[in-house]
Amino acid sequence: MKVLITGGHGFVGTPAVAALRAQGHDVIAPHRGEYDLLAETDRKTLLHEHKPDALVHLAWQTTHGAFWTAPDNPQWRDASIDLMNRFFDTGGQRAVMAGSCAEYDWTTGAERLAEDAPCIPSTLYGTCKLETCEHALSMVSSGASIAWGRLFLLLGPRETPTRFIPSIIRPLLAGETAQMGSGSAVRDFMHTDDAGAAFAGLVDTPVTGAINIATGNGHRLRDVAALIKKQIGAGTLDVGALDDRPGDPEYLVADISRLQQELRFQSTQPLETAIADCVAYWQKQEKA
């Protein structure tokens, strides 16, 4: 199929493009700046020029630390809904959209979140993602073929330096002190190569509706940091030096039953291997 992917040069988009091409698809991945997805005329032009059979929509506001409350989240919601509508109106067959674990209710406690878990977002970002999801699900009920992939936490090369994993790796590689919060929270980390492969896999399946994109394995953040420290063998960890972010859930792990049973997908990189890949990437950056 001819597959149009937005955000195809980003953190998840880069491996998704590679996976789609490996599956034999003709992939169109416009660079940022070629089209303004927040502009209606550009969305119309993009679809008219390429006439894709499938759409993988990953683009959104992703500025680390800012995207939770960014004022353009509603614009991204409206643009994403319009892109979906126009895609199917112009003859598109299959859409795969990027959702987020931020759509869920984060106060449910220490239980894995399945796709039918309550969705009560605590951020503007999560609210706008959920509203886009609800539109997609209404289209599914009318016969549209749409999968809504809810991403949990990610790690991998090209990660923003201020995110958790690089914020631990980089000081340790320099033989310095890596500061962090209490590290008590439990998180589900997936390598971006696996996440990209999951989105690519959804293009070739009839799975519709919300589906978690995650490993299903929870790791306490202080244990993740300790694993990084063990692999690097340098620097020191200062656990508790920083305040935990208000409102962050203590437990955020996915139930991946749909991913495993319906998509028949399994992560290929355990946490140890994924961290080793990240360490190797930052080592190369330091030497460059």
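Could you please give the count of residues in segment 247-283 that are of a type in the set (Lys, Arg) and either assigned to a loop (DSSP other than H, G, I, E, B) or at pLDDT below 95 (or both)?
Quick first cut of segment 247-283, residues of a type in the set (Lys, Arg) only: 258, 264.
With either assigned to a loop (DSSP other than H, G, I, E, B) or at pLDDT below 95 (or both) added as a condition, the list becomes 264.
The total comes to 1.
Does residue 288 fit the bill of being hydrophobic (A, V, I, L, M, F, W, C), at pLDDT below 95 and under 30 Å from residue 17 (Cβ atoms)?
Working: hydrophobic (A, V, I, L, M, F, W, C): yes; at pLDDT below 95: yes; under 30 Å from residue 17 (Cβ atoms): yes.
Spelling it out, residue 288 is indeed hydrophobic (A, V, I, L, M, F, W, C), at pLDDT below 95 and under 30 Å from residue 17 (Cβ atoms).
Can you say whether residue 117 is buried (at least 22 other Cβ atoms within 10 Å of the Cβ) and within 22 Å of residue 254 (Cβ to Cβ), as far as the supplied structure shows? Give the derivation first.
On the way: buried (at least 22 other Cβ atoms within 10 Å of the Cβ): no; within 22 Å of residue 254 (Cβ to Cβ): yes.
The answer is no for residue 117.
For segment 52-64, state whether one or more residues are surrounded by fewer than 20 Cβ atoms within 10 Å (Cβ to Cβ), without any contact (Cβ under 8 Å) to a residue 12 or more places away in the chain and not in a helix (DSSP H, G or I).
Step one: filter segment 52-64 for residues surrounded by fewer than 20 Cβ atoms within 10 Å (Cβ to Cβ), giving 53, 61-64.
Those left that are additionally without any contact (Cβ under 8 Å) to a residue 12 or more places away in the chain: 63.
Subsequent filtering for residues that are not in a helix (DSSP H, G or I) retains 63.
Within segment 52-64 (the criterion being surrounded by fewer than 20 Cβ atoms within 10 Å (Cβ to Cβ), without any contact (Cβ under 8 Å) to a residue 12 or more places away in the chain and not in a helix (DSSP H, G or I)), the answer is yes, since at least one residue qualifies.
State which residue is surrounded by the most Cβ atoms within 10 Å (Cβ to Cβ) when the search covers only segment 86-106 and only residues that are assigned to a helix (DSSP H, G or I) and touching a residue at least 24 places away in the same chain (Cβ under 8 Å). Steps first, please.
Quick first cut of segment 86-106, residues assigned to a helix (DSSP H, G or I) only: 86-89, 101-103.
Still in the list and also touching a residue at least 24 places away in the same chain (Cβ under 8 Å): 86-88, 101-103.
Details: 86: 17, 87: 24, 88: 18, 101: 22, 102: 23, 103: 28.
Once the filter is applied, the top-ranked residue is 103.
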- Got a number for residues in segment 237-282 being small (Gly, Ala, Ser) and within 18 Å of residue 184 (Cα to Cα)? 4
- Item | Every residue from segment 107-143 that is part of a loop (DSSP other than H, G, I, E, B) and among the hydroxyl-bearing types (Ser, Thr, Tyr) | 107, 108, 122, 123, 142
- Task: Please go through segment 64-111 and pick out each residue that is acidic (Asp, Glu) and modelled with pLDDT of 95 or more.
- Result: 72, 78, 82, 89, 103, 105
- Task: Working only within segment 130-144, note down all residues that are among the polar types (S, T, N, Q) and touching a Gly at 6+ places or on another chain (Cβ under 9 Å).
- Result: 132
- Item | Search result, residues across segment 65-77 that are closer than 27 Å to residue 201 by Cα and surrounded by fewer than 16 Cβ atoms within 10 Å (Cβ to Cβ) | none
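The values are calculated or read from the model by the stated rules, or taken from the named source; none is laboratory data. This structure is a prediction, so every number in the text was calculated from the model and none was measured. Ideal geometry is used to build each Cβ from the backbone, glycine not excepted, and the neighbour counts take in all protein chains shown.
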